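Comments concern the structure below.
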Amino acid sequence: MKQNEPPGGGAPPPSTPPTSPLQGDPAAASAADQSLSSPSPLPLALEDVTALVESVRAIARRTADREEVSDAQLEDLALAVESARRALDATGATINGEMHARNSTDRRHGHSTKTWTAATMQLPSQEAGRRIKMAKLLRQCPVLADALTCGRISAHHVGTIANATNDRNVHIVIEIQQHLIDMTDDYTLFAAWAAQVLDLLRIADPDGSEPKQSDNGLHMNPQYDGSSKLDGTLHGDTRDVVEHALDVFSDRLFRQMWKDHQHLPDDLPIPDHSTIRALALAEICRTALAAVHTGSGTAADVTYVIHSDDPATVRTPDGERVERHTAQVAVCDGVFRPLIMDRFGVPLDLGRAHRFASPDQRRAARIRDGGCVFGGCTALPSHCDLHHVDHWQHGGSTDMAVLASLCKHHHGVVHRDGWSMTASDHHWFDITSPSGEVRCSQRHGMPRPTT
């Protein structure tokens, strides 16, 4: 590479005003002068799109010696692919917008455009909704549509504007769409640009809308690894109540984790803020369930499905595989209802509830332990499970000598790999950490007497 040659080779960049590195030919911006009321034209023909897809697939399958591609060329390729993605996003938005305006999927298939898109393309419902919302905005804002086509802005820019647009400020968005595009030149970080756009559009809608229950939404989407992704929008007092509850329970958990960390700094590190808030949400739910629970035992009522031809695999009623650690903690306390299915999915037997500890045993444990037996924990008896020191699924009994009161947090701790809990004399327990440190249990916040 020559000394004055720009990264990636080729001619030096022309001396033009600052633009996005993904922006196409500035001459293409002349389309922004079209009438604001006319939507973007549709693609020429299906054959053109099909040919484009095949060309892109051919590029994706092309192999090359990685050592022959320089770092600068990799960056150029990344920018080129992103530019193509933005042009395709604009094309897809034009098509989605036209389908929505025609209501064609409802006439032909009985589905809204969002539902049809999600089902036919196997997309999450939220993603389909995002695409339709973006398409509706771009039909009214051709300047934004052209900027997306040219690569100056991304679908994320359009989505941010769409989320802040409503019937009361859409006329302002139409008027200032070029300004919103130009603002991207003033910010390096997307988040900074988005914050300014949201602030600007709030000014355009100072009164806002009257809060409605339907403004709030919460989705829990199962992931491939057995977890779930929580996504939602909360408004007004609903947002304030949830945020305050999360703060209160997060602070309580942090203080408990800090105490544990002081005793076992290597084995019990303090998780980050987002992890603590996630655990706090679960604790809020447990507390709420306990408050409305009227039966005996704990509020947990877990149903697992076991197929007769694969008895080693435990699943939820929705078909998700239950992880070993999750299953151990769940069946250790509460109500375990095994539903046995044959290979055709027909229920063979719904076993009656097996309560692992009787009400009398639970009362005795509350009186004996006075709360969580993990040293240093201040959880009250009402916040504790009964842990089987000799795991029930491994043949353990349900005698008081092997039942220990543990809060949800420490119940999970002793079920972690490397941890163990064993029964000692006179209903005391020894807890061994992964580093080999052995700690004695407590009762009513007091350690075991030395004599």
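The values are calculated or read from the model by the stated rules, or taken from the named source; none is laboratory data. Predicted, not measured: the structure shown is a model, and the values here were computed from it. Counting neighbours? That spans all protein chains shown, and the Cβs are built from the backbone with ideal geometry, glycine included.
Evaluation of D146 against the conditions (1) modelled with pLDDT of 95 or more; (2) over 30 Å from D182 (Cβ atoms) shows that the sole unmet condition is (2).
The residues of segment 91-106 that are part of a helix (DSSP H, G or I), over 27 Å from the mean Cα position of the chain (by Cα) and not basic (K, R), listed by number, are T91, T94, I95, G97, E98, M99, H100, A101, S104, T105, D106.
Quick one: would you say H410 is buried (at least 19 other Cβ atoms within 10 Å of the Cβ), assigned by TED's automatic domain parsing to the domain that holds R363 and at pLDDT 85 or above? Here the answer is yes, as H410 does meet what is asked. Within segment 107-114, the presence of at least one residue that is in a helix (DSSP H, G or I), modelled with pLDDT under 90 and in contact with a helix residue (DSSP H, G or I) (Cβ under 9 Å, 6 or more places away or on another chain) is confirmed.
Take the conditions in contact with a strand residue (DSSP E or B) (Cβ under 8 Å, 6 or more places away or on another chain) and outside any strand (DSSP E or B) and apply them to G232. Does it pass? For G232, the condition - in contact with a strand residue (DSSP E or B) (Cβ under 8 Å, 6 or more places away or on another chain) and outside any strand (DSSP E or B) - is not met. Summed over segment 201-226, the residues that are out of contact with any helix residue (DSSP H, G or I) (no Cβ under 8 Å at 6 or more places or on another chain) and at pLDDT 80 or above give a count of 5. Quick one: would you say V402 is out of contact with any Leu (no Cβ under 9 Å at 6 or more places or on another chain), more than 27 Å from R255 (Cβ to Cβ) and aliphatic (A, V, I, L, M)? Yes. Screening R85 against (1) more than 30 Å from the chain's Cα centre (by Cα); (2) modelled with pLDDT of 90 or more; (3) among the basic types (K, R) leaves a single unmet condition, (1). Residues of segment 156-166 that are in contact (Cβ under 8 Å) with a residue 40 or more places away in the chain and part of a helix (DSSP H, G or I): V158, I161.
Within segment 134-155, if we keep just the residues that are under 27 Å from the mean Cα position of the chain (by Cα) and in a loop (DSSP other than H, G, I, E, B), the residue that is farthest from A93 (Cα to Cα) turns out to be I153. If you scan segment 413-451, which residues turn out to be surrounded by 13 or more Cβ atoms within 10 Å (Cβ to Cβ) and free of Cβ contacts under 8 Å to residues at least 12 places away in the same chain? Matches in segment 413-451: D430 only. Close contacts from segment 357-386, counting a first residue that is among the charged types (D, E, K, R) and a second that is modelled with pLDDT of 85 or more and part of a helix (DSSP H, G or I), with Cβ to Cβ under 8 Å and a gap of 6+ residues or different chains, come to R368/H427; D385/H411.
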